[in-house]
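Here's the structure, in structure tokens; my notes come after.
The values are calculated or read from the model by the stated rules, or taken from the named source; none is laboratory data. Keep in mind that this is a model prediction, so the values were computed, not measured. A quick note on method: Cβ atoms are made from the backbone with ideal geometry, for glycine too, and the neighbour counts reach across all protein chains shown.
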Amino acid sequence: MARCTKCSYLLMLLPKRSKYKCAKCSSLFPQIEIDNKEFREWNQRQRLHDIENIKPEKKPRKRLSDEERKRRTKESAKRWRENNREKCRELSERSYYKNRDKILARKKIYRQEIKDKDRVRRKAYRHKQINRTRQLARIHWWRQKQKALALRELKNIEEEAYNANIFISPLTSVHYHLLWHFFIKFLNRIML
Ligand SMILES: [Zn+2]
């Protein structure tokens, strides 16, 4: 709102005369002069207002945590690699030949570590169910025995067969069923 430059009272516009008149001291001012002044003041206020409104956006950059910074670095490196595949391949190739021994040594250590870890893990697993482990070991041992016995029996039968003197003795041992298909095969062979 325009004010009188002499007494600061509110001015009234007299449109027909294109003048402002002070309601208190009756001074007259050309409309254009007051309007220009008003405009300049408004403009000034507007600029200040804008600056204040922009200020919050210009707040200082937030300090990033180490984690966040690492994540951003990783991301930007990834973007770079995606945009420079050829260059990236070339660099990695060059670095490989330059550090070949180191890389191979590191891989060897890594494999050894994996192996050790696996060994420890498997040992722990066996110990966790020690009864089952022992049972499996006994079964394995007996299977080996059974197999040896079966092979010996088969050999005996074969020898008898070559003697053209087939004598099938009933097999009473527990491994009879295991032997059966060997036996059938064998019979087929000598009968054909
Ligand atoms: Zn006045």
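Below is a table of values for the structure above.
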| item | result |
| --- | --- |
| Among the candidates Arg63, Arg71, Arg47, Arg79, residue that is away from the ligand (no atom under 16 Å from the Cβ) and not in a helix (DSSP H, G or I) | Arg63 |
| Number of positions in region 12-23 that are surrounded by 11 or more Cβ atoms within 10 Å (Cβ to Cβ) and more than 8 Å from the ligand (Cβ to nearest atom) | 8 |
| Pair list, Cβ under 9 Å, 6 or more apart: region 1-20 residue touching a residue at least 24 places away in the same chain (Cβ under 8 Å) and at positive phi, other residue within 11 Å of the ligand (Cβ to nearest atom) and hydrophobic (A, V, I, L, M, F, W, C) | none |
| Whichever residue in region 24-35 is at pLDDT below 90 and of a type in the set (A, V, I, L, M, F, W, C) and, among such residues, is nearest to the ligand (Cβ to nearest atom) | Ile34 |
| Pairs with Cβ under 9 Å, 6+ apart, first in region 87-106 and within 18 Å of Ala77 (Cβ to Cβ), second at pLDDT below 90 and surrounded by fewer than 11 Cβ atoms within 10 Å (Cβ to Cβ) | Cys88/Glu82 |
| Test result for Lys59, modelled with pLDDT of 90 or more and of a type in the set (Lys, Arg) | no |
